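Input: a single structure, listed below in structure tokens.
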């Protein structure tokens, strides 16, 4: 049910997103049941995301869990407008434009001004040879700021907030530890107060103690910036800590979604039950 | 000074078909100020990188009635200016001048004359590197998309980083500008001192990059703004306290000389035509060539 | 006045011309154009190839005028060609119709039509010869031949093609782009790539191909066939339908180099597997055991005799057609930096005065560091440098 404008009740609304790689064919187009997991045995096309709909109210955090290959990273790239979908509609803040249909220039504006993204791999999110301060400024510049002092002060403020030693603002992030790099990424992502923040496996690969501190920081940002968040993780523990509601993805579709507590305490789908059991 | 032209070659060297190709590119460039138009750059008897872009423009727009001025580093008498002027007069026979006010067509490398240009004049500038975004992105395929999407953030970021690291924007000549708030453009390697002469000029500016095969233009009265931050304004080279040792002019762009006798520095107008004209009108240095420390 | 500004450019340029004229007229007697054209044939060929103009007598003129500098001679030919109107396009030439002068294969010992070394330095000993040619054994003519070249022969790769072992590259059959009229744009189609490569500077191309084969490129070639010979250039008759006019005969060298590569199916699988793209290294790798290998081909064709350039061209053609991120597979890197005129013009323009831009740099440096200890940046741009992104 694709509506043509966004519902004002939601800060973020995604309707029936489908991302297919490959040509598609009558077999997989008409009967998704014929797929072998997410792959069409006839034409070889992969349906990375199929008919996924998400809604998040302002300030709400939505968790998405699933294993590698479940389509959650593709979903995240589509939400950040890095991936052209096969079909679907995407609205922010009850807006009237389907963000999947806008011009490249408008897309760039939305990415720079309305969205913040934190990647699992900091090399995707940061310029490793630029000063950390400039990395934060980049987001401000892209959103139109042309004031050096203003941007520098904003970077300094965010560094204090993210508990990054102020002395390191001129250092490039390549000198930093993994946890510190994620802090710089978060500072950059929230630099111009975007209404929506996308977090893709942000703590994966970090030591447990470092993970805990980065998660603490995200919880603070969640509380104090009033930002709507989409948190993708293969780790149910991360989602339990951060998400109000959770969707479980497998083979490109959402198999179950609801309040995070409910999902954890009363998982209905067999796959979700396996996930929950393996966590405990 | 009129010279007789060579009979072995077409008027203005290039065949008429080539001239038309270049003029079509020029028209497109004028229609989209600051946008780099690719064109089928021809090989000329002077070297690639020695002004073939500017020269192709000159050869394509010049007519027998034009009065030509050719300058390099501000000077009409520098070797490359001479070489280009000799070539153009040999194949066109047009009149030449050193007075920018009398010229209908001025080809220049690295300078815009000190005397304000007038409506009806054409300025052809030689461009070595037409792409401002090359400072931050090596690939042509990428920079074309960046211009299309007006994705200039990487350039601004590089300027910001330069300020953070060194306290200043580390760019000398060929300081990039924004044209009509749309295209980022290289003004050719003129000093920053000359950038303001592009803004709202009554003359037509044509830019030719022969080796890079690009043409771009500023039609008369185009808004041209040098890149700067709100709290970090664009600054031109300092001319403070300097006067020309020959004509006494201040507030012009200078050539600098070392005086090996005193160890001091001497200054002289970089625009030789301007200096000459002032001296013909009686201007002299107030103090006889006093070296400044 | 201790220092006088450089003026008198007029005199300087005139004196330079006088000195050049002295060099050209040095020694006893003129360099005969006929001797230049016939006895320095490899140099003539190189100049014609890099100029993109097949005109041996003009090339000889150019070399005589430029004290034998190939890049100056290329320059003269290119500038001359700029003034000529292009009246006709030739019909496509087929190198299988070549009247052969030389033909070798490094892939097969015995090839249909046979191998024939032709005139080559490959197996001569490079001992400096102090005698004039007329005084050598055989009295200047070089003696009798024991074998004649085959007149025509099919390409070595014909049989491999028939077996379906060669993966054809893109661009066959399409109307080629004329890079001299229509500048390169990226990604460049194959016809534009091949034209750029065939006009490239011999040394540049050989150096790149060498670097690629040593390990900076994706693959190692086998010369399937190298052939040199004559081709007749034909034009469609402007008046009589169905008739052609001969524009003359040119000598060219053609190389087909073979590389083993993953077959088209294997490449398609790798490319289309979104799991590989999506979650690099996390998804299951596609099973490629069924896909197998095929032969990739690189193509080289240069005006005149120039084995090394033709082979280097075939190697670079293959690199540029292969997927990958290596610097030698980067079209802009390879195609924009090998033109004889452009590279020599740009490097030599650094000799021109840069007083104005250097003053501007000095202004930055002096302001930035009062002691004058700063450095003026340079990255090939007059602006100076910015931090690298």
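Each value in this text was obtained by applying a stated rule to the coordinates, not by laboratory testing. Just so you know, these numbers come straight off a predicted model, no measurement behind them. A quick note on method: Cβ atoms are made from the backbone with ideal geometry, for glycine too, and the neighbour counts reach across all protein chains shown.
Averaging the sequence gap over all C-alpha pairs within less than 8 Å and six or more residues apart, then dividing by the number of residues, gives segment A:2-79 a relative contact order of 34 percent.
Across chain A, Cα-Cα pairs farther apart than 30 Å form 32% of the total. With a simple spin-label model that places each label point 7 Å from the Cα along the Cα-to-Cβ direction, the separation between residue C:347 and residue C:234 comes to 4.3 nm.
If you bin all the Cα-Cα distances of segment C:24-76 at 10 Å, starting from zero, the percentages per bin are 30, 57, 13, 1.
Have a look at A:124, A:79, A:206 and tell me which one the Gaussian network model of chain A (Cα, springs below 10 Å) gives the largest fluctuation. So, out of A:124, A:79, A:206, the one fluctuating most is A:124. Centre-to-centre, using Cα atoms only, segment A:72-150 and segment B:124-191 are separated by 23 Å. How many angstrom separate the Cα center of segment C:86-113 from the Cα center of segment C:16-39? Value for the Cα centre distance between the two parts: 36 Å. Centre-to-centre, using Cα atoms only, segment A:206-268 and segment C:144-169 are separated by 66 Å. For chain A, the longest principal axis of the C-alpha atoms and the axis of helix A:104-113 are separated by about 60°. Here the sum of -39500 (n - 2.57) over DSSP H runs of 4 or more residues, divided by the residues of the protein assembly as shown, equals -10000 deg cm²/dmol at 222 nm, to the nearest 500. Counting neighbouring Cβ atoms within 10 Å and putting the fewest first, the residues A:30, B:114, A:201 line up as A:30, A:201, B:114.
By the beta-carbon count within 10 Å of each Cβ, the least crowded to most crowded order of C:299, B:160, fewest first, is C:299, B:160.
For peptide C:347-354, what's the mean number of Cβ atoms from other chains within 10 Å of each residue's Cβ?
6
Based on the alpha-carbon gyration tensor of chain B and its eigenvalue square roots a ≥ b ≥ c, which shape applies: rounded if a/c is under 1.5, prolate if not and a/b is larger than b/c, or oblate? It is oblate, given that a/c is not under 1.5 and a/b is not larger than b/c. The fewest-to-most ranking of A:96, B:276, C:50, C:342 by surrounding Cβ atoms within 10 Å reads A:96, B:276, C:342, C:50.
Let me make sure I get this right: for the protein assembly as shown, a, b and c are the square roots of the gyration tensor eigenvalues over alpha carbons, sorted descending. Under 1.5 in a/c it's rounded, otherwise prolate if a/b > b/c, else oblate. Which is it? The shape class here is oblate. Working from Cα pairs under 8 Å separated by at least six residues, relative contact order for chain B is 21 percent. Computing FRET efficiency as 1/(1 + (r/R0)^6) for residue A:175 and residue A:274, where r is the C-beta to C-beta distance and R0 is 45 Å, gives about 0.60.
Scaled against the 2.2 N^0.38 Å expected of a compact globular protein of N residues, the Cα radius of gyration of segment B:238-293 reads 1.06.
Inside 10 Å of the C-beta atoms of C:195-203, what's the mean count of C-beta atoms belonging to other chains?
If you average over the peptide's residues, the count of other-chain Cβ atoms is 0.
Most simply put, the protein assembly as shown has about 70% antiparallel DSSP beta bridges, counting only bridges with both residues inside it.
In the elastic network of chain A, a GNM with C-alpha springs shorter than 10 Å, the most mobile of A:223, A:37, A:149 is A:149. Mean projected area of the convex hull spanned by the Cα atoms of segment A:220-280, taken over all viewing directions: 4.4 nm².
Determine the relative contact order of segment B:238-293: mean sequence separation of Cα pairs under 8 Å and six or more apart, normalised by residue count, in whole percent.
Working: 89 pairs, mean separation 21.9, N = 56.
Taking the mean separation of contacting Cα pairs over the length of segment B:238-293, I get 39 percent.
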